[in-house]
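Have a look at the structure below, then the notes.
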Amino acid sequence: MLRTLLAALFLFGYLLTVAWVTPHPAPALTHPDEHLSERQLFFSLRDDLALGQRTAAEIDGNPAEYPILDPAQHPQAYAYIQQIVDRLLASGQVRYAKQFPWRVRIINKDVLNAFCAPGGYIYVYTGLIRFLDAEYELAGVMGHEMAHADRRHTSRQLEKAYGIAIISQMALGSNSGGLAQQAAQIAQGLASLSFSRSHEREADEWSVRYLCNTGYPAFGAARFFEKLQKMQQGQGTPQFLSTHPDPGNRVNAIHTRAQQLRCTGTQTLDAPYEAFKASLPFTPPAPQPARR
Ligand SMILES: [Zn+2]
């Protein structure tokens, strides 16, 4: 164990050195997957936080792509959605409940999706909020997104997509022009970052664990997936499914897990959720492809 740790530290130190002395992003080194198992990651927790902060700053500073509702103008909506997060954090199941900020932003766009940057920066589209009918459903989907950050799937996928050298430089806070561009690109890619089916299965399972014993029915995410399946008939693939591929039998797997864990919550909270939806401003419909 110690030897593995030392080897990992040595390799990480080497990569950081490469990152520091190379003026441009270092060429892709040996892919980390060749050395490390699925469970291991080059990134430290502090790197996750730094990368998340930087990515969140890019997203928050790009209102054309991410029209975020101003928390100062919508304090009630934010208090409502934040209490959902706090309830999940109080479950005792979120590994980095205290280390990550778990901050939420609402993007006012007709997109059926949500995502979470490393370090726990959560983004939820109004398109998703309006699609759902009860608080426990949103809690289930948010639990799923939080799990991707908490189990560090997002960092792993970013590492795969962009290479360890670039991601390390970003986490270190290097400010070169090229890197700022990379940060923008990563922020852009985050909303469309696709997870593996094994990560999806794991995020579904942790969503159940987060919701169990909070008072919510633990299968909130399953309700969302059922709705998605119904909607999908005759329509294109919603963005959520292109970024969160169905691991297969996910609705059944979620219900089975909730039963195994003896989750007994019954608070669906439909009425407060309707009030929350009604308090949101008008969302412009998604732009149609230009016609000539
Ligand atoms: Zn997912």
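With respect to being buried (at least 17 other Cβ atoms within 10 Å of the Cβ) and at pLDDT 90 or above, residue 262 falls outside the description.
Pairs, please: C-beta under 6 Å, at least 6 apart or cross-chain, first residue more than 14 Å from residue 48 (Cβ to Cβ) and in the stretch 154-171, second at pLDDT below 75? These pairs meet every condition: 163/28; 165/19; 165/25; 165/26; 166/25; 166/182; 169/19; 169/179.
So that you can scan it fast, the table gives a plain yes or no per residue for (1) touching a helix residue (DSSP H, G or I) at 6+ places or on another chain (Cβ under 9 Å); (2) at negative phi; (3) surrounded by fewer than 13 Cβ atoms within 10 Å (Cβ to Cβ):
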{"position": "210", "(1), (2), (3)": "yes, yes, no"}
{"position": "215", "(1), (2), (3)": "yes, no, no"}
{"position": "225", "(1), (2), (3)": "yes, yes, no"}
{"position": "242", "(1), (2), (3)": "no, yes, yes"}
{"position": "247", "(1), (2), (3)": "yes, yes, no"}
{"position": "253", "(1), (2), (3)": "yes, yes, no"}
{"position": "258", "(1), (2), (3)": "yes, yes, no"}
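Can we say residue 84 is within 20 Å of residue 189 (Cβ to Cβ), surrounded by 13 or more Cβ atoms within 10 Å (Cβ to Cβ) and either modelled with pLDDT of 90 or more or in contact with a Ser or Thr (Cβ under 8 Å, 6 or more places away or on another chain) (or both)? So residue 84 does not fit the description; no.
Against the conditions (1) away from the ligand (no atom under 15 Å from the Cβ); (2) crowded, with 22+ Cβ neighbours inside 10 Å, residue 154 satisfies every one except (1).
If I go through the stretch 242-263 residue by residue, how many of them are within 16 Å of the ligand (Cβ to nearest atom) and of a type in the set (A, V, I, L, M)?
Filtering the stretch 242-263 for residues within 16 Å of the ligand (Cβ to nearest atom) gives 242-251, 253-254, 257.
Still in the list and also of a type in the set (A, V, I, L, M): 251, 253-254.
Within the stretch 242-263, residues that are within 16 Å of the ligand (Cβ to nearest atom) and of a type in the set (A, V, I, L, M) number 3.
Residues that are β-branched (Val, Ile, Thr), surrounded by 11 or more Cβ atoms within 10 Å (Cβ to Cβ) and at pLDDT 95 or above are absent from the stretch 270-289.
Within the stretch 217-244, the set of residues being β-branched (Val, Ile, Thr) and in contact with a Phe, Trp or Tyr (Cβ under 8 Å, 6 or more places away or on another chain) comprises 243 only. Checking each residue in the stretch 108-129 for being β-branched (Val, Ile, Thr) and in contact with an Asp or Glu (Cβ under 9 Å, 6 or more places away or on another chain) picks out 122, 124, 126. I want to confirm something. Restricting to the stretch 232-241 and keeping residues that are more than 11 Å from the ligand (Cβ to nearest atom) and in contact (Cβ under 8 Å) with a residue 40 or more places away in the chain, which single residue is farthest from residue 148 (Cα to Cα)? Residue satisfying both the conditions and the ranking: 238. Report yes if some residue within the stretch 206-228 is within 10 Å of the ligand (Cβ to nearest atom), aliphatic (A, V, I, L, M) and in a loop (DSSP other than H, G, I, E, B); otherwise report no. No - not one qualifying residue is present in the stretch 206-228. Within the stretch 236-269, the set of residues being of a type in the set (D, E, K, R) and more than 14 Å from residue 140 (Cβ to Cβ) comprises 246, 262. Quick check on residue 134: is it within 19 Å of residue 215 (Cβ to Cβ), surrounded by fewer than 24 Cβ atoms within 10 Å (Cβ to Cβ) and at pLDDT 95 or above? When the stated conditions are applied, residue 134 passes them.
In the set 117, 139, 149, only one residue is within 12 Å of the ligand (Cβ to nearest atom) and touching a Phe, Trp or Tyr at 6+ places or on another chain (Cβ under 9 Å); that residue is 149.
The values are calculated or read from the model by the stated rules, or taken from the named source; none is laboratory data. On a predicted model such as this, the values are computed, not experimentally measured, just so you know. FYI the Cβ positions are ideal-geometry reconstructions off the backbone, even for glycines, and counts take in every protein chain you see.
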